[in-house]
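Novice: Quick one: the structure is below, questions incoming.
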Amino acid sequence: MNNKNKLKLFLVDDDALYLKLLEIEFMQHDEFIFESFATGELCVENLLHKPDVIILDYHLDSVEKNAMNGIDTLDKIKTYNPDIPVVMLSSQDKIEVAINCMHHKAFDYIVKSETAFLRLQKVIKTIFHTRKIEKTLDWYMEKL
Amino acid sequence: MKRTELHESYYASSLIEASLDPLIAISMNGKITDLNQAKVNITGIDREKLIGTNFYDYFTEPQKALELCREVFAKGSISDSPLTFRHKNGNLTNVLFNGSVFKDDSGLVLGAVVVARDIAEQKWATDLRIANKELAFQNDEKEKRAAELILANKELAFQNDEKEKRAAELILANKELIFQNNEKEKRAAELILANKELIFQNDEKEKRAAELILANKELVFQKDEKGKRAAELIIADKELVYQQDEKEKRAAELIIADKELVYQQDEKEKRAAELIIADKELLFQQDEKRKRAAELIIANKELAFQNDEKEKRAAELIIANYARSLIEASLDPLFTINLEGKITDMNNASVNITGVSREGLIGTDFFDYFTEPQKAREVYKEVFANGFVADYPLTIRDGKLTDVLFNGSVYKDDTGNVLGVVVVARDITEQKRIATELTEAIVFAELAVGIAEEAKTKAESATLLAENAVKAKQQFLSNMSHEIRTPMNAIIGFTKVLLKTDLSAKQKEYLTAIKMSGDSLIVLINDILDLAKVDAGKMIFEQVPFKMSLSISAMLHLFETKILEKNLELVRKYDKRIPEVLVGDPVRLHQIILNLVSNAVKFTNKGKITVSVTLLEEDEEKATIEFGVSDTGIGIAENKMDKIFENFQQASSGTSRLYGGTGLGLAIVKQLVEPQGGSVRVESEINKGSIFSFVLSFLKTKSEADGESGILELDREVKNIKVLVVEDIALNQLLMRTLLDDFGFECDIAANGKIAIEKMQNKPYDVVLMDLQMPEMNGFEATEYIRNSMKSKIPIIALTADVTTVDLAKCKAVGMNDYIAKPVDERILYVKIVGLVKKPLVTNAKEDTEKDTNDSPKLKCTDLKYLNTRTKSNPVLMMEMISLYLAQTPVLVSSMKQGFLDNDWSSLQAAVHKMIPSFVIMGINPDFENMARKVQEYANIQQQSDGIYDLVLQLESVCVQACTELKEEYNRIKNSKK
């Protein structure tokens, strides 16, 4: 309907099954529209569509060996526009992975587990909350 | 239109002419331009002559009139300014001058209209009112004063009455007082007369007021006359007649107003009017009144003085009388002594205590009445020295020597001279006695308290001891059951095993004896344990569905041998109406009937035993059933019937010697029936037999009876069951192996939970028999691991020696399916194993009839619960997900396998990595996910390991199985969607 008010998500995962699951998840929430990409390359190519949030798999090169991996994609996105929040997804529950993601300016890092969707929702909420706060802060700073 | 205007102007001018108030229209320069008849009347000058003249010329104060005229033009209006008209014959008329300008259509001021209201009458009425008010006020004042006097008189009369009453009592003593009273009464009479006079005068005033009304009426009449004369004067003019009528009406209204005024002011006004006319009279009367009032005041003063005097005297007399009564009423002896120490007066108590008459006492020396006259004299001196003495102990020398507390004080005359001493001697004999008793009582009370506290301490320590004893008892029972059951388990078990070997007749006989002894010992232990549980409130009744008829018949089978041995007949009466499945505690029901039947068998040597189950009542919710066990045994004496339900009681002390048993059976029956809301009844006749019966209610249910709770028919056909026995004690291991071999089951032994888990990972089993207490890893831990980490649903039966409810609850909590108490009854063991193993076989058979039922059940590895939740059971989404999985998984599996075979770690790692989320999505056991992670780790560190191939194979197999299942599932969803 009125897609202008909806939040645009990019879902990026080379695991078609999981990608589908993500789609199903966000389909059930009316406030989102999303575009899904199986590779980081496709995601970067489509950044013109101005996503509000990108949910990006950490391992994007498990099927195609030469594919761009999650971190590379993250870097590309951040070069394109450092303000797009990117949430990293991974099936690895490892601190190194998490730190690595954070170093590359991911907004958050979520392990693909049973609770992943709950966490995702929370993170997205947090993103917009943070963004709102930042905007207010900027406004006040300008005033100052 | 025109006519209307004319009509209106005519009407207006009529109104103007009709007005009794002079109306004048004046021009800006103060000339009269128009006027009405009233103006003509008030000035006595013709209308024509008035017009064009200066209007202010007709007032006494032309200057003021002129100013008012200017004010009208200045302000536009003026109201109620007082002025006076001058009639040409010199009559003056006071008016209130009201004026307002009148303007033409364009708002230009044309002139002013002036109304001059005749206020002569108004003024007169106001003056009259003021005068009346003043008079009324004065009259009020006078009346008030008169009323006050009356009140004063009344008050006096009242006081006098009061005093008279008092004085009357004293009349004999005071004649003068009576005379004065008479005087007073006369005065009072005079006052009454004066009051009457006043009333008479008031009446007079009222009459005068009536006369005033008459005068008013005369005035009215004169006014009428005046009106008539005025009418004659303007007889030619009808309008004037009309005006005169109007005037008359107004005069009448005035009269009414006057009457109203008079009426409203009522009595006061009447009197006031009278006062105006008869002012002098009143003044005179008032003078008289004043004089009389003055006289009255003087008289009052005199009276007051006399009253005071009287009061004083009366008070004195009353005090004297009252004091005398008090003194006489006092139980304490009271004396007055003069300066010489002689008794001058005393009360009755003194007479009583000394035993000497009043006359005999007066004038005697008061010291003589004390045991210590010297001391008494000192006290007496002390009184004179100090003015008083308090609580000085002395003893009155009477017949019985009364102890008193001596209190005294001097009394003086008006001038302060000491006249003597008043002495009170309080009899303290009673006090002393009470004090002594009190002291004794206190001592006793203290002693009692001491004893009570001691008793309390003893009781507390006893309670503590008792509590400890109860705890110790429970602990002991619990320990005992465990400690005894374990060896008994071995003894009975091996005896049974031994009995199956080739034995000589003798050996067999001995072994049978051993077994029977062991059996009865176990029964005893179970009984004691049950009672202990009931005592500790730990007996919990289950509510499970079970088949009543099956349950009863299975239980009765147990007695078949024994009954045959004793050559008895067993009659079974089962009510066919009883619902097949009921909800209750079948184990406890067994126990109850078992106890009753075993008693019946025990105490019956010939004849028959009847077990009856009868439906008493049935409604929608529950069925009430009566169970009866009757025998033809030795019976119970009537006086023993109450006792047989007590612990360790049998009908006679000889019974246990003859028949054995502990006497716990019936106690247990009672303890089991009553908490379930039933009651046990017994009828018996010595040597004829006994009937035990109890009634219990069971809830009805539609659900199927739980297989495990009913006793299943033995199915000897079931073979090839793989049993894992987890048991640390070698003896028990051996016993279990023997039993299971006997059943034809395959049996592996693990010495503890850890070994068991290892074994389970390598070989599939159908059922696990798990001991609870083991070294390394006990039964609870092992079960928890099997259920939670291995995600295995394999049936687990606990083997426990300590059947406390806590343990059972724990067994269920960790996920065990059932338990068997040690020593293990082979029959129960068999039933439970078969019951548990058979169930999944049955369900499996339904799903896949082609599969061999003897195969171990192949459980589904996938569970679409997660997917259902995620997609909210949306079939389209489900199908999409499943088809994606089906497309992706084989690729991943082959990639994984290839990667492993090629030692291509990164592709192995990537394939397995991608596989990981799918396990959760498809509800595959997390063990596999963990395996995948393990593989991933190995791949990460690029290290070949022994286990990894096995893991890869397992993953492959589960994925293949999952794909098969999911294909079916996909088709199922697809079909159901259509």
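Novice: Given the structure, is A:Tyr80 within 15 Å of A:Phe10 (Cβ to Cβ), away from chain B (no Cβ under 12 Å), free of Cβ contacts under 8 Å to residues at least 60 places away in the same chain and not hydrophobic (A, V, I, L, M, F, W, C)? Step through it out loud before you land on a result.
Specialist: On the way: within 15 Å of A:Phe10 (Cβ to Cβ): yes; away from chain B (no Cβ under 12 Å): yes; free of Cβ contacts under 8 Å to residues at least 60 places away in the same chain: yes; not hydrophobic (A, V, I, L, M, F, W, C): yes.
Considered against the rule, which asks whether it is within 15 Å of A:Phe10 (Cβ to Cβ), away from chain B (no Cβ under 12 Å), free of Cβ contacts under 8 Å to residues at least 60 places away in the same chain and not hydrophobic (A, V, I, L, M, F, W, C), A:Tyr80 comes out as yes.
Novice: Now for a separate question. Contact list please: Cβ distance under 9 Å, first residue in region B:684-697 and under 9 Å from B:Ile636 (Cβ atoms), second residue among the aromatic types (Phe, Trp, Tyr), pairs at least six apart or on different chains.
Specialist: Final answer for the pair search is B:Ser684/B:Phe692; B:Ser690/B:Phe603.
Novice: Filter region A:30-74 down to residues that are under 20 Å from A:Asn5 (Cα atoms) and among the β-branched types (Val, Ile, Thr) and give me whichever is farthest from the chain's Cα centre (by Cα).
Specialist: So the first thing to find is which residues in region A:30-74 are under 20 Å from A:Asn5 (Cα atoms), and the list is A:30-36, A:46-55.
With among the β-branched types (Val, Ile, Thr) added as a condition, the list becomes A:33, A:53-55.
Numbers: A:Ile33: 13, A:Val53: 5, A:Ile54: 2, A:Ile55: 2 Å.
Filtering region A:30-74 for residues that are under 20 Å from A:Asn5 (Cα atoms) and among the β-branched types (Val, Ile, Thr), the one farthest from the chain's Cα centre (by Cα) comes out as A:Ile33.
Novice: Please specify each residue of region A:93-108 satisfying the condition of being buried (at least 17 other Cβ atoms within 10 Å of the Cβ) and either within 24 Å of B:Ile924 (Cβ to Cβ) or within 14 Å of chain B (Cβ to nearest Cβ) (or both). Please lay out each step first, then the result.
Specialist: Step one: of region A:93-108, the residues buried (at least 17 other Cβ atoms within 10 Å of the Cβ) are A:97-98, A:100-101, A:104, A:106-108.
Selection gives A:Val97 alone.
Novice: Under 18 Å from A:Ala16 (Cα atoms), within 12 Å of chain B (Cβ to nearest Cβ) and in contact with a strand residue (DSSP E or B) (Cβ under 9 Å, 6 or more places away or on another chain), is that true of A:Val111?
Specialist: On the way: under 18 Å from A:Ala16 (Cα atoms): yes; within 12 Å of chain B (Cβ to nearest Cβ): yes; in contact with a strand residue (DSSP E or B) (Cβ under 9 Å, 6 or more places away or on another chain): yes.
It is true that A:Val111 is under 18 Å from A:Ala16 (Cα atoms), within 12 Å of chain B (Cβ to nearest Cβ) and in contact with a strand residue (DSSP E or B) (Cβ under 9 Å, 6 or more places away or on another chain).
Novice: A further question follows. Give the number of residues within region B:282-300 that are among the acidic types (Asp, Glu) and either within 15 Å of B:Ala188 (Cβ to Cβ) or surrounded by 17 or more Cβ atoms within 10 Å (Cβ to Cβ) (or both).
Specialist: Step one: list which residues in region B:282-300 are among the acidic types (Asp, Glu), which gives B:287-288, B:295.
Filter once more, so that each one left must be either within 15 Å of B:Ala188 (Cβ to Cβ) or surrounded by 17 or more Cβ atoms within 10 Å (Cβ to Cβ) (or both): B:295.
Qualifying residue count for the region: 1.
Novice: I've got another one for you. Of all residues in region B:902-933, which are β-branched (Val, Ile, Thr) and part of a helix (DSSP H, G or I)? Working first, answer last.
Specialist: So the first thing to find is which residues in region B:902-933 are β-branched (Val, Ile, Thr), and the list is B:912, B:916, B:920-921, B:924.
Matches in region B:902-933: B:Val912, B:Ile916, B:Val920, B:Ile921.
Novice: If I filter region B:305-326 down to residues being surrounded by 13 or more Cβ atoms within 10 Å (Cβ to Cβ) and more than 30 Å from B:Ala349 (Cβ to Cβ), which single residue comes out as modelled with the highest pLDDT?
Specialist: The selected residue is B:Gln306.
Novice: Do we find that B:Asn752 is over 30 Å from B:Arg577 (Cβ atoms), modelled with pLDDT of 80 or more and either surrounded by 17 or more Cβ atoms within 10 Å (Cβ to Cβ) or not aromatic (Phe, Trp, Tyr) (or both) in this structure?
Specialist: Values: over 30 Å from B:Arg577 (Cβ atoms): yes; modelled with pLDDT of 80 or more: yes; either surrounded by 17 or more Cβ atoms within 10 Å (Cβ to Cβ) or not aromatic (Phe, Trp, Tyr) (or both): yes.
Yes.
Novice: While we're on this one: Just checking, which of B:Val893, B:Val912 is within 11 Å of chain A (Cβ to nearest Cβ) and of a type outside the set (Ser, Thr, Tyr)? I'd like the intermediate steps shown before the answer.
Specialist: Details: B:Val893 fails: within 11 Å of chain A (Cβ to nearest Cβ).
One residue alone meets the criteria, B:Val912.
Novice: Another one. All but one of (1) surrounded by fewer than 16 Cβ atoms within 10 Å (Cβ to Cβ); (2) not in a helix (DSSP H, G or I) hold for A:Met68, so report the exception by its number.
Specialist: (1)
Novice: Going by the structure shown, is B:Leu901 over 60 Å from the mean Cα position of the chain (by Cα) and either modelled with pLDDT of 80 or more or within 14 Å of another protein chain (Cβ to nearest Cβ) (or both)?
Specialist: On the way: over 60 Å from the mean Cα position of the chain (by Cα): yes; either modelled with pLDDT of 80 or more or within 14 Å of another protein chain (Cβ to nearest Cβ) (or both): yes.
When the stated conditions are applied, B:Leu901 passes them.
Novice: Considering only region A:31-52, I want to know if a residue exists there that is facing chain B (nearest Cβ under 10 Å) and either in a helix (DSSP H, G or I) or of a type outside the set (A, V, I, L, M) (or both).
Specialist: The initial filter retains those residues of region A:31-52 that are facing chain B (nearest Cβ under 10 Å), namely none.
No: zero hits.
Novice: Go through (1) more than 10 Å from chain A (Cβ to nearest Cβ); (2) modelled with pLDDT of 80 or more and name the single condition B:Tyr885 misses.
Specialist: All conditions are met except number (1).
Novice: Name the one entry in A:Thr130, A:Thr79, A:Thr115, A:Thr126 that is of a type in the set (Ser, Thr, Tyr) and modelled with pLDDT of 90 or more. Working first, answer last.
Specialist: Details: A:Thr130 fails: modelled with pLDDT of 90 or more; A:Thr115 fails: modelled with pLDDT of 90 or more; A:Thr126 fails: modelled with pLDDT of 90 or more.
Answer to the selection: A:Thr79.
Novice: Being among the basic types (Lys, Arg) and farther than 16 Å from B:His87 by Cα is the filter here, so list the residues in region B:30-71 that pass it. Before you say what the answer is, go through the steps one by one.
Specialist: Filtering region B:30-71 down to residues among the basic types (Lys, Arg) leaves B:31, B:39, B:47, B:49, B:64, B:70.
Residues satisfying the conditions are B:Lys31, B:Lys64, B:Arg70.
Novice: Spot the failing condition for A:Asp13; the list is (1) out of contact with any strand residue (DSSP E or B) (no Cβ under 6 Å at 6 or more places or on another chain); (2) at the interface with chain B (Cβ under 10 Å from one of its Cβ atoms), and only one is missed.
Specialist: Condition (1) is where A:Asp13 drops out.
To keep it simple, each residue is scored yes or no on (1) more than 60 Å from the chain's Cα centre (by Cα); (2) over 20 Å from A:Ala38 (Cα atoms); (3) facing chain A (nearest Cβ under 8 Å); (4) surrounded by fewer than 19 Cβ atoms within 10 Å (Cβ to Cβ).
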residue: B:Met922; (1), (2), (3), (4): no, yes, no, no
residue: B:Asn925; (1), (2), (3), (4): no, yes, no, yes
residue: B:Phe928; (1), (2), (3), (4): no, yes, no, no
residue: B:Lys934; (1), (2), (3), (4): yes, yes, no, yes
residue: B:Glu937; (1), (2), (3), (4): yes, yes, no, yes
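Novice: Can you confirm whether region B:559-567 contains a residue that is charged (D, E, K, R) and within 30 Å of B:Lys471 (Cα to Cα)?
Specialist: no
Novice: Sticking with this structure for a sec: Which residue pairs have Cβ atoms under 9 Å apart, sit 6 or more places apart or on different chains, and have a first residue in region B:454-474 that is under 21 Å from B:Leu529 (Cβ atoms) and a second that is of a type in the set (A, V, I, L, M) and surrounded by 10 or more Cβ atoms within 10 Å (Cβ to Cβ)?
Specialist: Going by the 9 Å Cβ cut-off, the qualifying pairs are B:Val470/B:Ala536; B:Lys473/B:Ala532; B:Gln474/B:Ala532; B:Gln474/B:Ala536.
Novice: Looking at B:Arg577, is it over 30 Å from B:Gln474 (Cα atoms) and assigned to a strand (DSSP E or B)? Spell out the reasoning first.
Specialist: Working: over 30 Å from B:Gln474 (Cα atoms): yes; assigned to a strand (DSSP E or B): no.
For B:Arg577, the condition - over 30 Å from B:Gln474 (Cα atoms) and assigned to a strand (DSSP E or B) - is not met.
Novice: With respect to A:Leu60, is the statement that it is touching a residue at least 40 places away in the same chain (Cβ under 8 Å), closer than 30 Å to B:Asn868 by Cβ and either within 14 Å of chain B (Cβ to nearest Cβ) or surrounded by 17 or more Cβ atoms within 10 Å (Cβ to Cβ) (or both) true?
Specialist: So A:Leu60 fits the description; yes.
Novice: Here's another thing I want to ask about it. Could you grab me the full set of residues in region A:100-144 that are part of a loop (DSSP other than H, G, I, E, B) and among the hydroxyl-bearing types (Ser, Thr, Tyr)?
Specialist: Across region A:100-144, the qualifying residues are A:Ser113, A:Thr115.
The values are calculated or read from the model by the stated rules, or taken from the named source; none is laboratory data. Because the structure is a prediction, the values reported are computed rather than measured. Quick reminder, even Gly has a Cβ in these numbers, built from the backbone with ideal geometry, and neighbours come from all protein chains shown.
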